[in-house]
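For reference, the structure discussed in these notes is given below.
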Amino acid sequence: MFCEKCGKELPADARFCEHCGNPVTREESLLDRAKRQDQAALAEIYEQTSGAVYRVLKVLIKNDEDTVQDLLQDTYIKAFTRLDQLQDPERLIPWLKVIANNTAKDWLKKKKPVLFSEMSDQEETDGLSFVESRESTDTDVN
């Protein structure tokens, strides 16, 4: 840490500069303010990082903008309630990206698309299998 007035190096626990007597001001970091649930700090973190997090979600959830926005919101809710788990402030964006990635994967698992093979087991039409019921009876097409 350096003195704002004279620029000389100071010990980390100094309250006054030992060279010029200037009081040392310690500015609380954005992350520390956010950990105290300071709304301005949370908003600033969102503004600085939401673009990168959005891109992670958009890669996984391609054609559903509403779902991407919902997952973006879920990502930040999870992250802001767990800020105390972030050890290194320099890793904030990668940490948010991991949360976004996991949130999207969880959503995709819950969505669980119906596979074609599962449809063929479930659907019977007049005693015919799924494939047989879809075959054309038109001799010109066959």
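The values are calculated or read from the model by the stated rules, or taken from the named source; none is laboratory data. Computed from a prediction, not measured in an experiment: that's the story for all the values here. Glycine gets a Cβ as well: all are built from the backbone with ideal geometry, and neighbour counts include every protein chain shown. Just the protein is used for accessible areas: all its heavy atoms, side chains included, with ligands, DNA and RNA removed. Shrake-Rupley method; radii C 1.70, N 1.55, O 1.52, S 1.80 Å.
How high is the FRET efficiency from N102 to A40, r the C-beta distance, R0 41 Å, rounded to 0.05?
The formula returns an efficiency of 0.90 here.
So how many Lys-Lys pairs in segment 1-97 land under 23 Å Cα to Cα, not counting same-chain pairs under 8 apart?
Going through segment 1-97 pair by pair, I get 7.
May I ask you to list the residues of segment 67-99 whose amide nitrogen lies under 19 Å from a point 7 Å from Cα along the Cα→beta-carbon direction of R55?
Of the residues in segment 67-99, 68-69, 71-73, 75-76, 90-99 have backbone N under 19 Å from the label point off R55.
Calculate the spin-label point distance for E65 paired with D13, positioning each point 7 Å from the Cα along the beta-carbon direction, and give it in nanometres.
Placing both labels 7 Å along Cα→Cβ, they lie 5.6 nm apart.
Counting only protein heavy atoms, what percent of the accessible surface of segment 53-98 is carbon or sulfur at a 1.4 Å probe?
Using a 1.4 Å probe with all protein chains present, segment 53-98 comes out at 50 percent carbon and sulfur.
Take the Cβ-Cβ distance between K5 and D32 as r, set R0 to 22 Å, and report the resulting FRET efficiency rounded to the nearest 0.05.
Once the sixth-power term is evaluated, E becomes 0.35.
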